[in-house]
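Since the structure comes first, as structure tokens, the remarks are kept for the end.
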Amino acid sequence: MVKFGIEFVPREPHWKIMYYAIQAERGGFSNLWITDHFNNRNVYVALTTAAIYTNRITFGPGVTNPYMVNPVFTAQAVATLNELAPGRVVLGIGAGDKTTLDTVGVEMEKPLQAIQESIDIIRKMVSGEIVAYQGEVFKTAGAKFLFKPKGNIPVYVGAQGPKMLALAGKIGDGVLINACHPKDVEYAVGCVKEGVNAAGKRFSEIDVAAYTSFSVHEDIKKANKAAVPVVSFIVAGSPPQVLERHGIDVKKAEEIKEALKANDWGRAFSGVTPEMIGAFSVCGTPDMCIERIAELLKSGISQFVVGSPIGANVREAINLISQKIIPRFKT
Amino acid sequence: MDYRKLVELIPVAKWEALSDKLVDFILTSKNDEKMPSPLANTILHYWQQDILKRESGLAVLLEAALLLEPDKTVNAFTELQMANIAEQIKEALPPKEGGI
């Protein structure tokens, strides 16, 4: 049975996010993911609040990266969280986004290697080992916690490109696939399976999540309107081959990118077409979203993550998902 | 303003509808900075216990909604056919900045 996850961005104050988190837990969501960007509120403060205000939901950063946050610190943060909420903590980790890293002058060096090494270090630290690690990107000289970490923390790898997806399948306990369209998710799952096979694992051993940009409303116009800003940024950040795969005019995407650079939101948002919304979000009425989720499930995903913007009114959208969408996948 | 006393004036049959509106005002408000942290934590604590539709929950929601969205909150009372309470709240609210 598919699990439903939900993503929140701590640009919002903690009390809004925690209101929604409690609501989501009650409404049948099983996973809560909090994004990690230096320019928002701190992810681990948000997750600590989640540990306090929720009871059952599994939660973790979705996703952190080893360039901004050293793996040793990430291990410390998730191990401490797991003391607060034993068995409910997971770790989402990916290479990060280049634009954000550039802003703070951090280089994205050898991303595949960096992810592999950081996961090695984190797993060793969380299992209480003394870690002397000589990697190509990360090195530790006898790092060890002065407290005894408890329990296992599943690691999910956030991935988009084929090599990272395969690595995620190979070393991850889960994968967060950053895609919304069935074609993209199917392709990504194929890459994950290559990694799974290379590691001699079974595909069913890992939790494969489609981490989507999502917008639901009973009125499709309102659902679309909420999705447009997020989709405009995705379109602007997508490479030409991805745009072409979805039949999107690269020139139009370039115009949106230029408008966003100039902070001309009106021009950028008005350039977003229904095709772009269809390619880069799961958006529409509850029935339309159900149809799209059902298509995505055919590729073999085991978790569907509802990401920003969720809906024009987040509270109403969570209610719609809980009452009309999740029950359709529970039978 | 004594929010508990204010809740006592509201017919019990209207608590649920009012609570729903107030939560919406608070969550969609752009005046986040006006929310005092202890009040936010109390609201979350009550939400966790699922008592925001009860007397104590409604009192904290009213306090927050009147801080963040006073006009919408007063209008909600009128919409829910409690114009007399809306008037009492208006009189008790501090005058708006920039007023004469």
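Each residue of segment A:223-240 was assigned a 3J(HN,Hα) from its phi angle through the Karplus expression (A = 6.51, B = -1.76, C = 1.60, θ = phi - 60°), giving 4, 5, 4, 5, 6, 3, x, 5, 4, 4, 6, 5, 4, 4, x, 8, x, x Hz with x at Gly and Pro. Close amide H contacts of A:V208 (hydrogens built in the peptide plane, cut-off under 5 Å, sequence separation of 5 or more or a different chain): A:V175, A:S302, A:Q303. From least to most packed, judged by other beta carbons within 10 angstrom and beginning with the fewest, A:C283, A:C180 follow the order A:C180, A:C283. Of all DSSP bridge pairs formed entirely within segment A:1-153, close to 25 percent run antiparallel. A simple spin-label model places the labels of B:Q49 and B:E16 2.1 nm from each other, with each point 7 Å out along Cα-to-Cβ.
Taking each pair of distinct Cα atoms in segment A:1-153 once, what is the resulting Kirkwood hydrodynamic radius in Å?
Details: mean 1/r = 0.0623 Å⁻¹.
Every distinct Cα pair counted, the radius reaches 16.1 Å.
As a ratio to 2.2 N^0.38 Å, the alpha-carbon radius of gyration for the protein assembly as shown is 1.06.
Please list the equivalent ellipsoid semi-axes of segment A:222-331, computed as the square roots of five times the alpha-carbon gyration tensor eigenvalues, in descending order and whole angstrom. Walk me through the numbers before you get to the answer.
Details: eigenvalues 152, 56, 19 Å².
They are 28, 17, 10 Å, listed from largest to smallest.
Here's how it looks for A:F59: its modeled amide H is under 5 Å from those of A:L32, A:V89, A:V90, which are all 5 or more places away or on a different chain. Counting only DSSP beta bridges with both residues in the protein assembly as shown, the antiparallel share comes to about 10 percent. An ellipsoid equivalent to chain B, defined through the eigenvalues of its Cα gyration tensor, has semi-axes of 20, 18, 11 Å when rounded to whole angstrom and sorted largest first.
Take the residue pairs A:K16/A:K144; A:K16/A:K324; A:K221/B:K90; A:K124/A:K298 and return only those whose Cα atoms are more than 29 Å apart.
Values: A:K16/A:K144 36 Å; A:K16/A:K324 23 Å; A:K221/B:K90 36 Å; A:K124/A:K298 35 Å.
A:K16/A:K144; A:K221/B:K90; A:K124/A:K298, as the Cα separations exceed 29 Å there.
The largest-to-smallest principal axis extents of the Cα set in segment A:153-282 are 50, 33, 26 Å. Expressed as a whole percent, how much of the Cα-Cα distance distribution for segment A:1-55 exceeds 19 Å? For segment A:1-55, the fraction of Cα-Cα distances above 19 Å is 21 percent.
Only the coordinates and a few stated rules stand behind these numbers; no lab work does. All values derive from a computational prediction rather than experimental measurement. Every residue, glycine as well, gets a Cβ built from its backbone with ideal geometry; the counts of neighbours run over all protein chains shown.
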